[in-house]
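Engineer: After the structure tokens below, expect a handful of questions from me.
The values are calculated or read from the model by the stated rules, or taken from the named source; none is laboratory data. What you see is a predicted model, and the numbers here were worked out from it, not measured in a lab. All Cβ positions, even for glycine, are placed from backbone atoms using ideal geometry, and neighbour counts span all protein chains on display. These accessible areas exclude ligands, DNA and RNA; they are computed on the full protein's heavy atoms, side chains included. Shrake-Rupley method; radii C 1.70, N 1.55, O 1.52, S 1.80 Å.
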Amino acid sequence: MLQWKLIWPHGLAVLVFLLVTILFFNPIFFGSKVLDQQDIQQFRGSYKSILDYRAASGEEALWAPSMFSGMPAYLVSMHWGDGPIAWVKKIMALFLPHPIANIFLAFLCYYILLLSFGVRPYLAIAGALAFGLSSYVIIGLGAGHNARIAAIAFMPLVMAGIHLAFSKRRLLGFGVTALGLALHLHENHLQITYYLMLIVIAYGFVQLIYAYREKQIKDFFTNVAILVPAVILAAGSFFGQFWAIREYEQFSIRGPSELAKPNSTEMIDGLSKSYAFAWNYGIWEPSTLLIPNFYGGSSANAFVNDQKSETYKALVNSSDNELANKLVEYTATYWGPQSGTAGAYYAGSIIIFIFVVGILLADKKFVWWLVPVSVLSILLSWGDSFSSFNYFMFDYFPGYNNFRSFSFGLIMILFAMPLLGMMGLEKLFSNDLTKEAKKKLMIAFAATGGVCLLILLFAGMGSFTREGESQLPAWFLKALQADRRSLMRDDAFRSLAFISVIFLMLYLNVSKKISELGFYALLIFLVAIDLSWVDKRYFGKDKYQGKRENAFTVPNAADQAILQDKSYYRVYNLRGPLLEARTSYFHHSLGGYHGAKLRRYQDLYDSCIIPQTGLLANDWQSRKLIFENYGTLNMLNAKYIVYGTEANNVLVNPAANGNAWFVKEIVQVSSPTEELKKTGEVNTKDIAVMDNSKFKVQDLKLTRDSSAAIVLKEFTPPHIKYESNSAADGMAVFSEIYYPKGWHAFVDGKETEILRADYVLRALPIPAGKHEIEFKFEPKPYTIGNKVTFASSWLVLLISLGCFGWSMKKD
């Protein structure tokens, strides 16, 4: 009977998390719908060729051939040897469908975290719902950031294991840390791992200070010594992936450039600040944590769609219909500093009130940990809105300049608030409600409810206009400001109402006047309603589609016309080539969609492809297309150029160089900058540009053999085979992207060094006669690193299970 009393609250918690997940995503369970995630749609285009190869061969493609003319598949789609970790995730998620299983896992892992900090199960349920239902998580899921949300879901499990070790449950802490970190790393989102690392470092620093004060330094380092092997073990399960990422990073736009800065000999290093800080919060934007419509919510919402709004009425009543139609584009509800946003990151008014209660009531050790983490979180989210701090972080913190979208840093405060808040409530409920406790509740109410009240009273002082909107007609601007002001006030009142209810429940000691279980049920219900109410603003019916309603995977007339050609070629889609991967779903494409494309390919696009695309457009307008002039497009074998969806919106490029060719001349330059410039100027069919500072090219007396040919015989992503025939020695250029790690070339079975030509392509000296040429992609991070990943994943699973079993036996 005693065991049942201990177990059943946890069973109830799992049931609550399951019900909330099912109810929130009910169209998936009861309406045969699937999520319509924009980034996942693009991802489908990115990995389609990889998926096809995997299905046909049962092997990993390793190389993604259909995007950006080819790139490693490490950050596109690869199955590593961490299968045991993936199965643990499925079991923990009760085999719920991907990706909504990540929300259930966020609930479950945060619940475990709160239990590890001594919070009673019923409070832990409310805290877990607050974490998993924060609009940060829901908006991220809606956008298709599945890896980010899954990595976030396992953050609490890692922290739970670490705290268990520091709470004298070292064996259990070892097992939870190892498994939690392996699950977290499995999701492969290192920016979230970075934020987790900052949280852990802050925790360790506070623990060290208290250990020193309490003369328990030995215990501190014993705990660290226990956790280090757990971290190493978990890192082993990510060894191959991390090796691949670190290797690829130096050649991607996240790594240093080989080009000199304009008017300088200094090299460009890492992401540019303008690119990295493109998505930040404004200084006042963290106010949305308390009042979601502080800045109007999502930039996708518009008052023109609300017939009750003052803006709509003003447009309808306008005497100038032409002007009214132009003003429609200015009716967005969002008026904050960002260029666009999918919605406000709302933590929950109840949770913010409870967080302040935690600051006042929880153990100071945890206050000194979680409050600085929360402050740091806001500072990081400001990005270049607080450039003096964040540029320092970007320039000097190891690895930080590989990230972008720094508003993601708000996950740290969203992690901290329910934890500290629930620890505060646990302290409150563990003792009698004294006058001192009531005073602190009053202070928390005044601090949070007071902010809401002030906004209610003084919202009229805001400008409620975005940059450039001050020039709009006064009659329209007045209506727009009134609607935005109304949104802010409505949400301020809403937050005040929720805070007031919880405050009164705690202050009047309602748990003593109704059943304790009833009180907890009401708290859980209010937290869930508070957050899900706001979540539904950004995650409505438009986020779902029928399982067969996916136009993305249906070829249009232009696709169908191109697909009649069964040879190997590439397609250049002029409509946002580096912003869409739909073309890659059907064809090998010059474009694609990825946040870490190859640096040299980006350089080529910026310096050569864009100018030649402009030349093509001008030639098209004058009806004088000279395809031989587009040497960069030709060397990338862009046989088809698409500018629309109809069958006649396709240009056939007769000057495309093909899969491989012998050149007449080699032009040698002495730097990457010269190499890139020259590549954009020459006829790539006849001339190969090579950087002799990197590749020592022997003097070849190239003679033109009109009968010389290189024919593609076999193509799979990791293995390409050609046959060449020439009467003289020559230099062959291949329309395949040069990547210095993992590719090996063989001429008649003998390995040959791969040279780089035309800034991004592969080249080989080929002797006279008939030869078989092969390229094989055998990257060491996979051939070697994956073995470590496989072995470590099984060790993590077995050792963690052993730790759990032994801990239960001892208990």
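Engineer: So which residues in segment 112-143 are open to solvent by 10 Å² or more (accessible area, probe 1.4 Å) and not aliphatic (A, V, I, L, M), if there are any at all? Steps first, please.
Structural biologist: At the first step, the residues of segment 112-143 found to be open to solvent by 10 Å² or more (accessible area, probe 1.4 Å) are 112, 115-118, 120-122, 139, 143.
116, 117, 118, 120, 121, 122, listed by residue number.
Engineer: Now for a separate question. Pairs needed: first member in segment 166-180, touching a residue at least 12 places away in the same chain (Cβ under 8 Å) and closer than 11 Å to residue 803 by Cα; second member anywhere, among the basic types (Lys, Arg) and in a loop (DSSP other than H, G, I, E, B); C-beta distance under 7 Å; at least 6 residues apart or different chains.
Structural biologist: Filtered contacts from segment 166-180: no entries.
Engineer: Just wondering, is there one or more residues in segment 75-91 that are part of a loop (DSSP other than H, G, I, E, B), under 22 Å from residue 362 (Cβ atoms) and in contact (Cβ under 8 Å) with a residue 40 or more places away in the chain?
Structural biologist: no
Engineer: If a residue must be among the hydrophobic types (A, V, I, L, M, F, W, C) and either open to solvent by 10 Å² or more (accessible area, probe 1.4 Å) or modelled with pLDDT of 90 or more (or both), how many such residues does segment 580-595 contain?
Structural biologist: We begin by selecting, within segment 580-595, every residue among the hydrophobic types (A, V, I, L, M, F, W, C); these are 581, 586, 590.
Of the ones still in play, those that are also either open to solvent by 10 Å² or more (accessible area, probe 1.4 Å) or modelled with pLDDT of 90 or more (or both) are 586, 590.
The total comes to 2.
Engineer: Determine which single condition residue 531 fails, assuming it passes every other condition in (1) buried (at least 16 other Cβ atoms within 10 Å of the Cβ); (2) farther than 21 Å from residue 124 by Cβ.
Structural biologist: (2)
Engineer: Among the residues of segment 778-794, is there at least one that is within 29 Å of residue 606 (Cα to Cα), assigned to a strand (DSSP E or B), modelled with pLDDT of 95 or more and out of contact with any Cys (no Cβ under 6 Å at 6 or more places or on another chain)?
Structural biologist: The answer is no, given that none of the residues of segment 778-794 is within 29 Å of residue 606 (Cα to Cα), assigned to a strand (DSSP E or B), modelled with pLDDT of 95 or more and out of contact with any Cys (no Cβ under 6 Å at 6 or more places or on another chain).
Engineer: On to the next question. Checking residue 92 against (1) surrounded by fewer than 24 Cβ atoms within 10 Å (Cβ to Cβ); (2) farther than 17 Å from residue 179 by Cβ, only one condition comes out false. Which one?
Structural biologist: (2)
Engineer: Related question: Quickly run through segment 476-516 and pick out the residues that are within 37 Å of the chain's Cα centre (by Cα), of a type in the set (A, V, I, L, M) and under 17 Å from residue 443 (Cβ atoms).
Structural biologist: Selection gives 496, 499, 502.
Engineer: Those residues that are touching a His at 6+ places or on another chain (Cβ under 8 Å), of a type outside the set (Gly, Ala, Ser) and open to solvent by 20 Å² or more (accessible area, probe 1.4 Å), I need them from segment 38-66; list them, please.
Structural biologist: Taking segment 38-66 first, the residues touching a His at 6+ places or on another chain (Cβ under 8 Å) are 39, 46, 49, 54, 60, 65-66.
Filter again for of a type outside the set (Gly, Ala, Ser), leaving 39, 54, 60, 65.
Answer for segment 38-66, where residues must be touching a His at 6+ places or on another chain (Cβ under 8 Å), of a type outside the set (Gly, Ala, Ser) and open to solvent by 20 Å² or more (accessible area, probe 1.4 Å): 39, 54, 60.
Engineer: Please go through segment 426-459 and pick out each residue that is under 37 Å from the mean Cα position of the chain (by Cα) and modelled with pLDDT under 90.
Structural biologist: The one that is under 37 Å from the mean Cα position of the chain (by Cα) and modelled with pLDDT under 90: 459.
Engineer: (1) surrounded by 15 or more Cβ atoms within 10 Å (Cβ to Cβ); (2) touching a residue at least 24 places away in the same chain (Cβ under 8 Å): which one isn't true of residue 442, the others all being true?
Structural biologist: Here residue 442 meets the rest and fails (1).
Engineer: So residue 693 clears everything in (1) without any contact (Cβ under 8 Å) to a residue 60 or more places away in the chain; (2) surrounded by 20 or more Cβ atoms within 10 Å (Cβ to Cβ); (3) farther than 19 Å from residue 638 by Cα except one condition, right? Which one?
Structural biologist: Failing condition for residue 693: (2).
Engineer: Among the numbered criteria (1) more than 28 Å from residue 655 (Cα to Cα); (2) in contact (Cβ under 8 Å) with a residue 40 or more places away in the chain; (3) open to solvent by 10 Å² or more (accessible area, probe 1.4 Å); (4) not in a loop (DSSP other than H, G, I, E, B), which single criterion is violated by residue 771?
Structural biologist: If we test residue 771 against (1) more than 28 Å from residue 655 (Cα to Cα); (2) in contact (Cβ under 8 Å) with a residue 40 or more places away in the chain; (3) open to solvent by 10 Å² or more (accessible area, probe 1.4 Å); (4) not in a loop (DSSP other than H, G, I, E, B), just (1) comes out false.
Engineer: Further, regarding this structure: Of everything in segment 597-620, what is touching a residue at least 12 places away in the same chain (Cβ under 8 Å) and either open to solvent by less than 20 Å² (accessible area, probe 1.4 Å) or acidic (Asp, Glu) (or both)? Give them in sequence order.
Structural biologist: Passing the criteria: 597, 598, 601, 603, 604, 608, 609, 612, 616.
Engineer: Considering only residues of segment 20-35 that are more than 25 Å from the chain's Cα centre (by Cα) and of a type in the set (Phe, Trp, Tyr), which is least open to solvent (accessible area, probe 1.4 Å)?
Structural biologist: 29
Engineer: Could you check residue 623 against (1) open to solvent by less than 10 Å² (accessible area, probe 1.4 Å); (2) at positive phi and say which number it fails?
Structural biologist: Unmet for residue 623, out of (1) open to solvent by less than 10 Å² (accessible area, probe 1.4 Å); (2) at positive phi: (1).
Engineer: For segment 751-762, how many residues meet the condition of being assigned to a strand (DSSP E or B) and either surrounded by fewer than 24 Cβ atoms within 10 Å (Cβ to Cβ) or among the aromatic types (Phe, Trp, Tyr) (or both)?
Structural biologist: 5
Engineer: Taking segment 193-220, which residues are over 21 Å from residue 183 (Cβ atoms), among the aromatic types (Phe, Trp, Tyr) and touching a Leu at 6+ places or on another chain (Cβ under 9 Å)?
Structural biologist: Residue satisfying the conditions is 220 alone.
Engineer: All but one of (1) more than 27 Å from residue 450 (Cβ to Cβ); (2) in contact (Cβ under 8 Å) with a residue 24 or more places away in the chain hold for residue 326; state the number of the condition that does not hold.
Structural biologist: Only one criterion is unmet by residue 326, namely (2).
Let's see how each residue does on (1) in contact with a strand residue (DSSP E or B) (Cβ under 9 Å, 6 or more places away or on another chain); (2) at pLDDT 95 or above; (3) open to solvent by 60 Å² or more (accessible area, probe 1.4 Å); (4) of a type outside the set (A, V, I, L, M, F, W, C):
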site: 636; (1), (2), (3), (4): yes, yes, no, no
site: 644; (1), (2), (3), (4): yes, no, no, yes
site: 663; (1), (2), (3), (4): yes, no, no, no
site: 671; (1), (2), (3), (4): yes, no, no, yes
site: 702; (1), (2), (3), (4): yes, no, no, no
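Engineer: Okay, next question. Which is outside any loop (DSSP other than H, G, I, E, B), within 32 Å of the chain's Cα centre (by Cα) and of a type in the set (Gly, Ala, Ser), of 724, 800?
Structural biologist: 800
Engineer: Restricting segment 292-344 to residues that are polar (S, T, N, Q) and under 24 Å from the mean Cα position of the chain (by Cα), which is most open to solvent (accessible area, probe 1.4 Å)?
Structural biologist: Across segment 292-344, the extreme among qualifying residues is 339.
Engineer: Anything in segment 345-383 that is open to solvent by 10 Å² or more (accessible area, probe 1.4 Å), closer than 19 Å to residue 130 by Cβ and without any contact (Cβ under 8 Å) to a residue 60 or more places away in the chain? List them, or say none.
Structural biologist: Within segment 345-383, 367, 371 qualify.
Engineer: Has segment 17-37 got any residue that is within 24 Å of residue 178 (Cβ to Cβ) and out of contact with any strand residue (DSSP E or B) (no Cβ under 8 Å at 6 or more places or on another chain)?
Structural biologist: yes
Engineer: Now for a different question. Scan the strands (runs of 3 or more DSSP E) fully inside segment 625-687 and keep the ones with 2 or more residues being under 39 Å from the mean Cα position of the chain (by Cα) and within 26 Å of residue 586 (Cα to Cα).
Structural biologist: It comes to 638-642, 650-652.
Engineer: Can you report the number of residues in segment 67-81 which are under 21 Å from the mean Cα position of the chain (by Cα) and either within 20 Å of residue 580 (Cα to Cα) or open to solvent by less than 30 Å² (accessible area, probe 1.4 Å) (or both)?
Structural biologist: 10
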